[in-house]
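Please read the structure below before turning to the comments.
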Amino acid sequence: MSEATLVGAAKRPSKITAWAAENGAVIGLIVLVAVLAVMSEDFLNPTNLLNVGVQAAVIAILALGATFVIVTAGIDLSVGSVAALSAIVLGVMSAEFGLPWPLALLMALATGIVCGLASAGLIAYGKLPPFIATLAMLGIARGLALVVSDGSPIAMPDAIASLGGNIGAYLPIPLLIMLGMGALAAVILSRTYSGRAMYAIGGNEEAARLSGIRVTRQKFVAYALSGGFAAVGGIVLASRLASAQPQAGTGYELDAIAAVVIGGASLSGGKGTAFGTLIGAFILAVLRNGLNLLSVSAFWQQVVIGVVIILAVLLDTLRRKASV
Amino acid sequence: MSQAMLRVEGVGKSFPGVRALDGVDFDLRPGEVHVLVGENGAGKSTLIKMLSGAHQPDEGSILVDGAPTRITSASEAQRLGIATIYQEFNLVPELSVAENLMLGRPPRRWGLVDRKRMRREAEELLDRVGLDLDPARRTSTLGIAQMQLVEIAKALALDARVLIMDEPTAVLTTGEVDRLFALVDRLRDRGVGIVFITHHLEEIPRIGDRVTVMRDGRVVGGAPATAPEEELITMMVGRSISQQYPREAAEAGEPLLQVEGLTRAGAFEDVSFEVRAGEVVGVAGLVGAGRTEVARALFGADRYDSGRVLVRGRPLPAGDVHAAMESGLGLVPEDRKSQGLVLDADIAENLGIVTLGHGARAGFVNRKGRRDAADRVAGQLGVKMSGLGQRVRTLSGGNQQKVVIGKWLLAESSVLILDEPTRGIDVGAKVEIYQLINALTESGHAILMISSDLPEILGMSDRVLVMSRGRLAGELPAAEATQDSVMTLAVSGMEEAHV
């Protein structure tokens, strides 16, 4: 591109370039898919692609929940543990107490929400930094999952286990749940009072407070949503495994945060979208799948993923500098 | 009289949009206390920042011991023996007093810090400032007055010959002031030259040898320290109010905001006033008089101990901004960037931040309605922008302030508290904001305007409240408010507190 066109583009960006600048992660995903399509003939196979979707689903759902919290300039390290605890509650309620599965499902959801509210309470009233409050919750939820299950897996009721399967021959239910949760998160973030308030709080908490936004209340909403989404993620994970496992989802919180950040959110708050987070989760899943297909060792995969996180944030920072 | 150790000749300094210093002459002799007075924004801070190496003059020269010198950094000032004690101390709270005294150059032995020697030297330094405390104490456990003495001891450790003190008495109690003055006397006897900035005019004859008065970036006069206070006040404020304040008084209606006996220990005491529909009530006073604290407390942003706030005759719950907003109160805060705006969000989002819940159904915001409303108010206020999607960070100060005011207009607030509404705004935008104030009172709004800009207070207010040391020192109708009468009230209450 000549310098003249570059200048012209900077002055009046076309809709496409403006969109690309705001959605760097999408470009990254497209490039990644294109490269893998060339390098591996199995990659574009529909079965493989659906498999990627299923693999992405759990992390994506946890990451969508974490997006609410990160938009408020907080952090939630507990989503992996809360997911496991919620699934264990579901298993115990239906297998040991014989509750009908819809009721058990509601109790699992409530478990996630209560964990989120507890973190928010520690942050709002105990004045703990979000990192510390949710780090504690990470330990507590994991520990409770082990205590309640006595350390062993609990079988899922058939109705729940079938959620891990397909509709018809092809359509994986976890993928549908993920898309549903994505739509829900998108609507909450962009259309509701709470969602918009979260952006204001993350952008400038003091200005939000002085504008009459009830900051504490909205933080409770954000952490409760994160807990609720984590519960859904835990249920999807358990349905795929056909059992609730107390050690399931260990370390998922870091993948979830990585997905949010790759998707364009900022840990300093005020920025991030549900769509971006979904893309971030897909980038991680596509990368893992592609590296497997290319027979890259699992050890190197971790290095690659680390580098991708660095690149995503670095490019975002550079882009923002250029736009100021 | 001995030769000046420090001399400033014809120094000028401009910042974008502001002429901070203009042709300033100033000198300091060994063993004298030279007092510098002037209103907020008169240029005192810029002058001392120039002497301490934080700013360089655009023109004119600084002479140290008769030789022209460029003071390009804080370490250069230190090398020349010039030390500055700012109101904000430069101490590391987590370190011990001894470590702070020798920050960056601890005594060493074989490459390791020599703790014994450090302790001994620290004790000597503390002794010189008359401070009796354990040098091993953590600095954060000290009181303000003690920290100030540690700062002075630190300056002495660097063999300072020139000591610049920026409002050192502002934070001290009467007894602490006496001790500080005794120390200043001892330093003077030892030949240290001291530049002493204060708002408390009654201190001048006690501590000073000479006074220099600054106003609008210029030196307007000098006097011996024994000069009468009235003479100094006249020099400090003696400028005419130009036509840039187009106040058109509206008819005052029913009281919209009533504040009764508002008190918070250590901040403000027994503050009562009311603001009527159609009125602009100005709040004058020196920095630290408690004006912003009262405004924030009545708005619910901070707590208060006793008293009450009524809007349209109905009491407002304490500490609840949301309730204040619902009742029709709006605050345009002192620092718009850190308190008024979400800088990285766009204009539409900022304008709609207060009214997020208006027209919402089942928690869903009314996106079309919000956008239309933002568009309307941005047009009404004449916000210069490329579109509602522009980030407010990229707007000029005046346009940013219009956005902050605009969010309260959208909320249909009937009482606006404006805290320093035109600070850092260019003249043209200032006049636009004054016209907006006129339009608002015309339509029955009540305005409480805090300002450190005295001509602005006098030019725009229908009544002037003057605060001093956390108390309401007096109230003046517009006709009786002059720069002299306001300043006299603003520095009142200090005599009782100090002498």
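Structure above, values below:
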quantity: Residues within the stretch B:408-424 that are touching a helix residue (DSSP H, G or I) at 6+ places or on another chain (Cβ under 7 Å) and within 23 Å of residue B:293 (Cβ to Cβ), tallied; calculated: 6
quantity: Selected residue (criterion: nearest to the other protein chains (Cβ to nearest Cβ)) from residues of the stretch B:340-390 that are in contact with a helix residue (DSSP H, G or I) (Cβ under 7 Å, 6 or more places away or on another chain), open to solvent by 60 Å² or more (accessible area, probe 1.4 Å) and in a loop (DSSP other than H, G, I, E, B); calculated: B:344
quantity: Some residue of the stretch A:170-181 being surrounded by fewer than 16 Cβ atoms within 10 Å (Cβ to Cβ), β-branched (Val, Ile, Thr) and away from chain B (no Cβ under 14 Å); calculated: no
quantity: Filter result for the condition that a residue is within 14 Å of chain B (Cβ to nearest Cβ) and either assigned to a helix (DSSP H, G or I) or in contact with a helix residue (DSSP H, G or I) (Cβ under 9 Å, 6 or more places away or on another chain) (or both), over A:123, A:132, A:188, A:113; calculated: A:188
quantity: Search result, residues across the stretch B:204-222 that are charged (D, E, K, R), under 20 Å from the mean Cα position of the chain (by Cα) and surrounded by 18 or more Cβ atoms within 10 Å (Cβ to Cβ); calculated: B:215, B:218
quantity: Residue within the stretch A:217-240 that is under 30 Å from residue B:301 (Cα atoms), out of contact with any Lys or Arg (no Cβ under 6 Å at 6 or more places or on another chain), in a loop (DSSP other than H, G, I, E, B) and within 14 Å of another protein chain (Cβ to nearest Cβ) present; calculated: no
quantity: Selection status of residue B:287, modelled with pLDDT of 95 or more and on the phi < 0 side of the Ramachandran plot; calculated: no
quantity: In the stretch A:279-324, residue most open to solvent (accessible area, probe 1.4 Å) [restricted to those that are modelled with pLDDT of 85 or more and assigned to a loop (DSSP other than H, G, I, E, B)]; calculated: A:295
quantity: Positions within the stretch A:38-73 being within 24 Å of residue A:121 (Cα to Cα) and open to solvent by less than 10 Å² (accessible area, probe 1.4 Å), in sequence order; calculated: A:61, A:62, A:63, A:64, A:65, A:66, A:67, A:68, A:69, A:70, A:71, A:72
quantity: Scan of the stretch B:317-328 for residues that are over 19 Å from residue A:198 (Cβ atoms), crowded, with 17+ Cβ neighbours inside 10 Å and at the interface with another protein chain (Cβ under 9 Å from one of its Cβ atoms), ordered by number; calculated: B:324
quantity: Every residue from the stretch B:183-198 that is open to solvent by 10 Å² or more (accessible area, probe 1.4 Å) and either aliphatic (A, V, I, L, M) or touching a Gly at 6+ places or on another chain (Cβ under 9 Å) (or both); calculated: B:186, B:188, B:189, B:190, B:191, B:192
quantity: Members of the stretch B:22-68 that are at pLDDT 90 or above, in contact with a Leu (Cβ under 9 Å, 6 or more places away or on another chain) and hydroxyl-bearing (Ser, Thr, Tyr); calculated: none
quantity: Qualifying residues in the stretch B:267-314 (those that are of a type in the set (D, E, K, R) and part of a loop (DSSP other than H, G, I, E, B)) - the one surrounded by the fewest Cβ atoms within 10 Å (Cβ to Cβ); calculated: B:303
quantity: Any hit, the stretch B:121-136, residues being modelled with pLDDT of 90 or more, within 27 Å of residue B:219 (Cα to Cα) and in a helix (DSSP H, G or I); calculated: no
quantity: Filtered residues of the stretch A:195-214 (kept if part of a helix (DSSP H, G or I) and surrounded by 20 or more Cβ atoms within 10 Å (Cβ to Cβ)); calculated: A:195, A:196, A:197, A:198, A:199, A:200, A:201, A:202, A:203, A:207, A:208, A:210
quantity: Lone qualifier among B:106, B:93 - being touching a residue at least 12 places away in the same chain (Cβ under 8 Å) and crowded, with 16+ Cβ neighbours inside 10 Å; calculated: B:106
quantity: Out of B:388, B:381, B:418, sole residue that is assigned by TED's automatic domain parsing to the domain that holds residue B:446 and either at pLDDT 90 or above or over 21 Å from residue B:454 (Cβ atoms) (or both); calculated: B:418
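Conditions tested, residue by residue: (1) more than 26 Å from residue A:189 (Cα to Cα); (2) not hydroxyl-bearing (Ser, Thr, Tyr).
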{"residue": "B:333", "(1), (2)": "yes, yes"}
{"residue": "B:338", "(1), (2)": "no, no"}
{"residue": "B:342", "(1), (2)": "no, yes"}
{"residue": "B:375", "(1), (2)": "no, yes"}
{"residue": "B:382", "(1), (2)": "yes, yes"}
{"residue": "B:391", "(1), (2)": "no, yes"}
{"residue": "B:413", "(1), (2)": "yes, no"}
{"residue": "B:417", "(1), (2)": "yes, yes"}
{"residue": "B:421", "(1), (2)": "yes, yes"}
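The values are calculated or read from the model by the stated rules, or taken from the named source; none is laboratory data. Quantities reported herein were computed from a predicted structural model and do not represent experimental measurements. Backbone-built Cβ (ideal geometry, glycine too); neighbour counts: all protein chains shown. The accessibility values were calculated without ligands, DNA or RNA, using every heavy atom of the protein model including side chains. Shrake-Rupley method; radii C 1.70, N 1.55, O 1.52, S 1.80 Å.
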